[in-house]
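Here the structure is laid out as structure tokens; the discussion comes afterwards.
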Amino acid sequence: MKLPSWALIFLTCNLTFSTISAFRLSRSQPTERISGSAGDVLEDDPVGRLKVFVYELPSKYNKKILQKDPRCLTHMFAAEIYMQRFLLSSPVRTLNPEEADWFYVPVYTTCDLTPNGLPLPFKSPRMMRSAIQLIASNWPYWNRTEGADHFFVVPHDFGACFHYQEEKAIGRGILPLLQRATLVQTFGQRNHVCLKEGSITVPPYAPPQKMQSHLIPGKTPRSIFVYFRGLFYDVGNDPEGGYYARGARAAVWENFKDNPLFDISTEHPTTYYEDMQRAIFCLCPLGWAPWSPRLVEAVIFGCIPVIIADDIVLPFADAIPWEDIGVFVDEKDVPYLDTILTSIPPEVILRKQRLLANPSMKQAMLFPQPAQPGDAFHQVLNGLARKLPHDRSVYLRPGEKVLNWTAGPVADLKPW
Amino acid sequence: MKLSALHQSYLNRRSFRSPLDSSVDTSGKSLLAVFWLVLHCLCCFISLLLGFRFSRLVFFFLFTTPSSTNLYSPPFRPPLKHHHNNIDLNPPSNATEAMIKSSRVVVGRHGILIRPWPHPDPVEVMKAHRIIERVQREQKTVFGVKRSKTVIAVTPTYVRTFQALHLNGVMHSLMLVPYDVVWIVVEAGGVTNETGAIIAKSGLKTIHVGFNQRMPNTWEDRGKVEVLMRLQALRVVKEEKLDGVVMFADDSNMHSMEFFDEIQNVNWFGAVSVGILAHSGNAEEMVMSMDKRREMVVDEEEEERSSSLPIQGPACNGSDKLIGWHVFNTLPYAGKSAVYIDDVAAVLPQKLEWCGFVLNSRLLWDEAESKPEWVKEFGLLNENEGVESPLSLLNDASMVEPLGSCGRQVLLWWLRVEARADSKFPPGWIIDPPLEITVAAKRTPWPDVPPEPPTKKKDQMSLSQGNTVVTIPKQHQQQQQQQQQRASKVRKPKRRSKRSKHEAKPTDTTTQVSSSTKHHQERN
């Protein structure tokens, strides 16, 4: 087969260009491009690809709650608040609901805090119902699709199941009214009731300024092999042991407490962030829920996350190839963690570190204020944009009803 | 005792088998406990009858059925506190199973998996250390210098007692440098095998140059000869066209490893901060003199200045630009302080020591391409005009680059410690031929009373752990005597052998105690 000459020239040009670009990349910076299963989408710009309409809810659903407890701005569930603030001033926002692709309902369900700072989810289902009733009665867009083109941010432990105990959360299931909506949540576990098909998993909120202020020079040698700070046993809630973290954290402690390679303890050192930057691996085991802010911290500080949570779905799983970046260890393999980690070839470890060094990777895990290109807000919008255009089945015929407004526990039906 | 043994084995067995057993017995725990108690009593009774203890596996095989494997059952026995021994696994709630998606991850109580020997495995530890090393190497290449320049170290030296001490120190520092090193050793008095033997052990590329002048006795003259030796070495760099960064590693100095990393950043001419350890000698004396000084000093500024370590190096303003030099202040040592109670006086450095400067070797070449015009032509340098510091090599001293975050990091330390000029040591530090005169030592290796026969032949000091063979030369003995006397009065002696016994001229040192003056007069 004889190739025409122009084709040959074209091919050689392509080859030289690709090699040049590869060569340039390898010499200029120690990072690698990140492309997940959806392609190279981390740096996509959502502006122009979708339009979001933000409902104007009475302030009792958002502002007043925040005023009552400003701690909501700094805890790990603060994503719902910052998402609203971002959308209100973002170019993707439209004031004309007719041209909107997605509708956002700003309701702060995770802001009812105990004195210790933990959110109580008991009133959240009622609050959500009340908000949905409000928008269903004041705007026609909910009934048009029964919420299929609406999205909600539910960053609580088990997402829209609205409970902190897994058994009870599974028992409740996702709020029936949210069955068709897109949920933006931190919780993600495969084949779990509380993770709905089509949800977007986001990282928990971690304060960007605080982390930036603890950066140390990159040439500080990484001398800690494995690092972890946190509880291994939750004696308050799980006195018998075996429930908390499905026994995985306790297994880590019992197997490796005297191992010099494992710098693990329950202390709260002030140099926590600096220590992470001196470690090669950072353990991110599950707790009461499989997700934790440790993943965000590990990514920001360049420490390879060792994820010990069976079947977990990590943030932006279609945009970020987590298998290439982190190390996944089954909970049953925890006793052999040292063997697993030392048997990873050094080239693989260096590649993971290069991927972590990619600034777009770090940016995607953060919720900076004001929003910056490539950050978690934009990744959420990218995720929403990838779900467009809406399927025809999303739009219901007038009068057609799919959702059951009276489903769920009786206590949830009380007005809020 | 038999009962207790039974009880023990019962506990063990119970913990081992309970995960399987209890999975069968779905009724409450209390029933289980009663059942076990009854079984235990039965077994005791039977074994009493039989006269020996029989294996309760009999019951196990009789009564248990294969357990359902729907649950997490720990394959190991967790050797933990008692409440862990009784792992009672709850089957997942019916509600979960009734759900459409059945996750393989089960909610509920799980066993805490512990491997049989939960301790570090040395093979794994070694592998982990290799990984750490590889990661750190990668970090160095990423964050360190891209292309490393050869380090050209210039060391003036001469054969003397402390040469082995100093030269070995410098040699080890240079051997640790992660870049290429060329070591130019200039030796006063010509090339000797002694020095050659020491530097040959380094394994570095060395250039051993002889200098045809003997090292003089006074510090001042020694400094001058050292300058000439360094210039000789720079001439070698010029002739050989060596490429790299030239640094001056005086043999008694101490360099930190960060110093070698920092000098890679130099463009043409750089300066670093040098910590001046001018107090060579006994540390306690220094402390004593400091205390005394603190007592008698009225002017607080002077006290502060002298109590902190003097630094020589570049001075920068707020925007990190070179504005001047920190030099060593010789005023406190000008002899007016009567604080020194010893014959040991501080060795003062020059205004600006050579060791604090580094230069690109291309400055010395003849026809280097882009040699800046603020550098004098090295070939035309006239030594007789007096080259004091490396700044004499430059036309414009303000073009010097301050290194080490603009002089804030002290990367090396300057020190001069020498034995007396006429002190002897075994050549090559090998005792050959063996010692002739031996004196029986008492409890301490050094006798309190000097031995009678004058042992002027072998002036060798050797320490032996045994209590028989000790040769003490006369001169050193007496000095140690003095020291011991003093020591017993005041404090315990430390580092006696490292005392700087240099005396330029005995009359020079004004700070002397009467005994030591007598001592010196004796010796002379």
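When A:Val107 is tested against the conditions (1) buried (at least 17 other Cβ atoms within 10 Å of the Cβ); (2) over 19 Å from A:Trp405 (Cβ atoms); (3) at pLDDT 90 or above, the lone failure is (2). Looking across segment B:238-250 at every residue that is under 31 Å from the mean Cα position of the chain (by Cα) and not in a strand (DSSP E or B), the one that is surrounded by the most Cβ atoms within 10 Å (Cβ to Cβ) is identified as B:Ala249.
So which pairs qualify, if the first residue must be in segment A:328-341 and facing chain B (nearest Cβ under 8 Å), the second must be of a type in the set (Val, Ile, Thr) and assigned to a loop (DSSP other than H, G, I, E, B), the Cβ gap must be under 8 Å, and the two must be at least 6 apart or on different chains? Taking only residues 6 or more apart or on different chains, the pairs are A:Pro335/B:Ile114. Per the conditions (1) free of Cβ contacts under 8 Å to residues at least 24 places away in the same chain; (2) within 14 Å of chain B (Cβ to nearest Cβ); (3) closer than 30 Å to A:Pro125 by Cβ; (4) not acidic (Asp, Glu), the sole criterion not satisfied by A:Leu350 is (3).
Only residues in segment B:111-124 that are facing chain A (nearest Cβ under 7 Å) and closer than 15 Å to A:Ala248 by Cβ count as the first member; pair them with residues that are surrounded by 11 or more Cβ atoms within 10 Å (Cβ to Cβ) and of a type in the set (S, T, N, Q), Cβ under 9 angstrom, at least 6 apart or cross-chain, and list the lot. Short answer, once both residue conditions are applied: B:Gly111/B:Ser73; B:Leu113/A:Asn255; B:Ile114/A:Asn255; B:Arg115/A:Asn255; B:Pro118/A:Asn255; B:Pro118/A:Asn259.
Consider segment B:183-205 and keep the residues that are surrounded by 21 or more Cβ atoms within 10 Å (Cβ to Cβ) and more than 23 Å from the chain's Cα centre (by Cα). The one that is nearest to B:Gln264 (Cα to Cα) is B:Ile184.
When the residues of segment A:163-177 are narrowed to those that are crowded, with 24+ Cβ neighbours inside 10 Å and closer than 27 Å to A:Glu400 by Cβ, which ends up nearest to the chain's Cα centre (by Cα)? The extreme case among them is A:Leu175. What number goes with the only condition from (1) part of a helix (DSSP H, G or I); (2) in contact (Cβ under 8 Å) with a residue 40 or more places away in the chain that B:Asp221 does not pass? Going through (1) part of a helix (DSSP H, G or I); (2) in contact (Cβ under 8 Å) with a residue 40 or more places away in the chain one by one, B:Asp221 breaks only (2). Buried (at least 24 other Cβ atoms within 10 Å of the Cβ), β-branched (Val, Ile, Thr) and within 14 Å of another protein chain (Cβ to nearest Cβ): which single residue out of A:Ile308, A:Ile320 fits that description? Within the list A:Ile308, A:Ile320, the selection yields A:Ile308. Could you list all residues from segment A:249-282 that are farther than 24 Å from A:Thr339 by Cβ and either within 13 Å of chain B (Cβ to nearest Cβ) or touching a residue at least 60 places away in the same chain (Cβ under 8 Å) (or both)? Hits for segment A:249-282 are A:Tyr273, A:Glu274, A:Gln277. Cβ separations smaller than 7 Å between residues 6+ apart or across chains give the following pairs from segment B:167-196 residues that are acidic (Asp, Glu) to residues that are part of a helix (DSSP H, G or I) and surrounded by fewer than 16 Cβ atoms within 10 Å (Cβ to Cβ): B:Glu194/B:Pro427; B:Glu194/B:Gly428. A single member of B:Asn265, B:Asn253 is under 28 Å from B:Cys406 (Cα atoms), at pLDDT 80 or above, surrounded by 21 or more Cβ atoms within 10 Å (Cβ to Cβ) and in contact with a Leu (Cβ under 8 Å, 6 or more places away or on another chain), and it is B:Asn253. Where helices (runs of 4 or more DSSP H) fall entirely within segment A:62-166, those with at least 3 residues that are under 25 Å from A:Leu384 (Cα atoms) are at A:79-88, A:124-138, A:141-145. Residues in segment A:357-377: is at least one buried (at least 16 other Cβ atoms within 10 Å of the Cβ) and at the interface with chain B (Cβ under 10 Å from one of its Cβ atoms)? Within segment A:357-377, one or more residues are buried (at least 16 other Cβ atoms within 10 Å of the Cβ) and at the interface with chain B (Cβ under 10 Å from one of its Cβ atoms).
Before we move on, is A:Gly198 modelled with pLDDT under 95 and surrounded by 15 or more Cβ atoms within 10 Å (Cβ to Cβ)? For A:Gly198, the condition - modelled with pLDDT under 95 and surrounded by 15 or more Cβ atoms within 10 Å (Cβ to Cβ) - is not met.
For A:Lys210, the requirement of being charged (D, E, K, R) and either within 14 Å of chain B (Cβ to nearest Cβ) or more than 30 Å from B:Lys140 (Cα to Cα) (or both) is not met. Among the criteria (1) within 24 Å of B:Val237 (Cβ to Cβ); (2) under 21 Å from the mean Cα position of the chain (by Cα); (3) within 14 Å of chain A (Cβ to nearest Cβ); (4) free of Cβ contacts under 8 Å to residues at least 12 places away in the same chain, the one B:Gln136 does not fulfil is (1).
Residues in segment A:219-243 that are among the hydroxyl-bearing types (Ser, Thr, Tyr) and within 10 Å of another protein chain (Cβ to nearest Cβ): A:Thr220, A:Ser223, A:Tyr233, A:Tyr243.
The values are calculated or read from the model by the stated rules, or taken from the named source; none is laboratory data. For clarity, every value in this text was computed on a predicted model and none was experimentally measured. In this analysis, Cβ positions are derived from the backbone assuming ideal geometry, glycine residues included, and neighbour counts consider all displayed protein chains.
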